[in-house]
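Engineer: Structure in structure tokens, see below.
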Amino acid sequence: MPKHYRRAGKKKEGNAARYITRSQAVKYLQVSLSVFRRLCIFKGVFPRDPKKKVKGNHHTYYHMKDILFLKHEPLLDKFREMRAYEKKVKKAVSKKNKDLAERLLTRKPTYTLDMLIRERYPKFIDALRDLDDCLTMVHLFAALPAIERENIQAERIHNCRGLSLEWQAYISRTHKLRKAFISVKGIYFQAEVEGQKVTWLTPHALQQVMPQDVDYKIMLTFLEFYETLLGFVNLRLYHSIKLKYPPILDPRLKALAADLYALTRYADAKDRAVGANDEESELRLAQLQDQLPANEPGALMHLVEDVTDDIEEDEDTKACKTLFQNKTFFLGREVPRESLLFVITAFGGVVSWDGDGAPFEESNQDINYQIVDRPTQSHRFISRDYVQPQWVFDCINARIILPTEEYMVGKVLPPHLSPFVDNEAEGYVPEYAETIKRLQSAARKEILPMPGGEEDGLESAQNLLAEGVIDRTKAKEAAERRQKMALEEKKYHEELKKEMIGMQHTQTSNIDEIRNNGEDEAGPSTRQLVEDDENMAMVSMSRKKRGLLQAMLISNERKRVNVETLETRKKNLKKSKGKESE
């Protein structure tokens, strides 16, 4: 049969037409598996799970529309160009053509991910919603060592550290930090930026162990995208508060320790003709940027310049801004300096530390709290409190200055409660959470029920007693009103009777006689009415309240009987002594 007469294959329909396996997608795009994986990460394409898997359950499936979306991506041409370039360099080296190899190395093709960021996040709020994993990854690599065999370069580590510090500087400057929690994995932070809650994890400042079962190539691909994303976010945030981005490096500090940056910024803030509030904010932000390592070339300069206070602040931001206002802290050498600098400055405090470049020394008399983690101190100052680092994190989660007695050096710390857990929804409220709640109510001058009381129910005995007294008072007033109405009614009937007889009514009638007659004929007495109203009040009470009120009344009756018995005995003893003396 001729070739053009051959019958075409059956047309694919359903899941067979909508989904494609990974091996088929790689063959369709004519790329390697590593390039296909990088392209999927950059474009945000992820595997799908169809209901009916045509090729079997052991395959990874992608949607056909996603593969067609990748087919027309300009980055795909760039990757093919880079692959051809690598082949040319390899061929020149194998032929020992050094001149050609050197020329090729100077013309290496490059690419950027800027258009991908704008494509995946058309609005800035979309980028903020997807910032959690980005910040966690960037902070993780900022704490990792540079390892050549894993292709983790020192330049990338410095870039991640700079991006993370720029983000922390913005959060500290605008006081957007809301929660912080210390865990085994690291320190969880949550900030609220333009109405979106952003949560990230920062590893502890310890030597990181690099496991062998982790694919660092995939992590570096994600990091490449996240670095670009965070750079765009920082640019937008800094411009929103009228700050220069990227921060300009001071070449004079390249050969010096970066810790001197705090003093440089403090001097620049004083030289400028700005108010005292601006100087304090610039000092706090300068202290935050001191977190740069000592071997890093240069330091951030002109981070806060021409900043205006026209930004509207919500109530939560104002509360966070004034929590540590007019409070001065000093950090010991053994405490985690970076996280405490970030947290304290974000809540309005001023910080110094034990080391080079500190704004003020340990002997400063303005220090209110010294954060230490050693059981013994060489010398102590009476004018300040020595507390452990957990006190700072518990204070910012509770939004109040907690008492320092439980956090003194050498004491067993109270439980560090997570602010990300809703105790009422979980059905268990820790005891220390109740204590913090009462301290918060005392700070707001509110009154809470006694511990152990039910939500619907039982109030304190004093409240019940007051309620009983109020009920009795109301009952007496109601009885008096009824008696008065009965007297008025009696008087009205008397007047009608006199008019019917024809007698002329005089206004100088004897009201006392009518009142005396009314006491006998108007109905029940005042005491009886009060007792009836008290019984009605008892009936309207719940069983628990009624039982407690009856127990209180019985207890009061017993006390009264005991007092009367004692007085009777005393009188009898006096009489017997008088007879004996006679």
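Engineer: Taking the Cα atoms of the range 127-215, what is the range of coordinates along each of the three principal axes, in descending order and whole Å?
Structural biologist: That works out to 42, 27, 21 Å along the principal axes.
Engineer: For the range 361-451, just the Cα set please: Rg and Dmax, both in angstrom.
Structural biologist: Expressed in Å, the Cα Rg and Dmax of the range 361-451 come to 15.6, 48.
Engineer: Excluding residues fewer than 8 places away in the same chain, name every one of the lysines whose C-alpha is closer than 21 Å to that of residue 185.
Structural biologist: 197
Engineer: Between residue 210 and residue 365, what FRET efficiency follows from the Cβ-Cβ distance if R0 is 35 Å, with the result rounded to 0.05? If you can, show how the numbers build up before the last one.
Structural biologist: Details: r = 46 Å, r/R0 = 1.32.
For residue 210 and residue 365, the calculated efficiency is 0.15.
Engineer: Follow-up. The range 330-352 to the range 168-226: how many Å between their Cα centroids?
Structural biologist: When both Cα centres are located, 18 Å separates them.
Engineer: Order the peptides 80-88, 425-433 from the highest to the lowest mean number of other Cβ atoms within 10 Å of their residues. Numbers along the way, then the final one.
Structural biologist: Details: 80-88: 12.8, 425-433: 10.4.
For the peptides 80-88, 425-433, the packing ranking is 80-88, 425-433.
Engineer: What nm value, rounded to one decimal, do you get for the distance between residue 46 and residue 318 when each label is placed 7 Å out toward the C-beta?
Structural biologist: The answer from the label model is 4.1 nm.
Engineer: Let me ask something else. Expected output is a single nm value to one decimal: the length gained when fully extending between residue 435 and residue 571, i.e. 0.36 nm times separation in residues minus the C-alpha distance. What is it?
Structural biologist: Length gained between residue 435 and residue 571: 43.8 nm.
Engineer: How about residue 577: which lysines have a C-alpha closer than 29 Å to its C-alpha, ignoring those fewer than 8 places off in the same chain?
Structural biologist: Within the straight-line cut-off, residue 577 pairs with 559.
Engineer: Whole-Hz ³J(HN,Hα) for each residue in the range 371-376, computed from phi via Karplus 6.51 cos²θ - 1.76 cosθ + 1.60 with θ = phi - 60°, x for glycine and proline: what do you get?
Structural biologist: 8, 9, 9, 10, x, 10
Engineer: Checking the cross-link filter: which lysines have an alpha carbon closer than 16 Å to that of residue 88, excluding same-chain neighbours under 8 positions apart?
Structural biologist: 78, 96, 98, 108
Engineer: Take peptides 68-79, 168-179, 322-333, 29-40 and line them up by average Cβ neighbours within 10 Å, highest first, as a rough protection proxy.
Structural biologist: Most protected by this proxy first, the peptides run 168-179, 322-333, 29-40, 68-79.
Engineer: Right, another one. I'd like to compare 98-107, 220-229: which one has the highest average count of other Cβ atoms within 10 Å, and what's the full order after that?
Structural biologist: 220-229, 98-107
Engineer: Given Cα pairs under 8 Å that are at least 6 residues apart, what percent is the relative contact order of the range 5-145?
Structural biologist: After rounding, I find 22 percent.
Engineer: Over 27 Å between Cα atoms, which of 52/217; 242/318; 484/544; 43/90; 90/217; 27/87 qualify?
Structural biologist: In this structure, 52/217; 484/544; 43/90 exceed 27 Å between Cα atoms.
Each reported figure results from applying straightforward, stated rules to the coordinates on display, with no laboratory input. Note that the structure is predicted; figures quoted are calculated from it, not measured. Cβ sites come from the backbone with ideal geometry, for glycine too, and all protein chains shown count toward neighbours.
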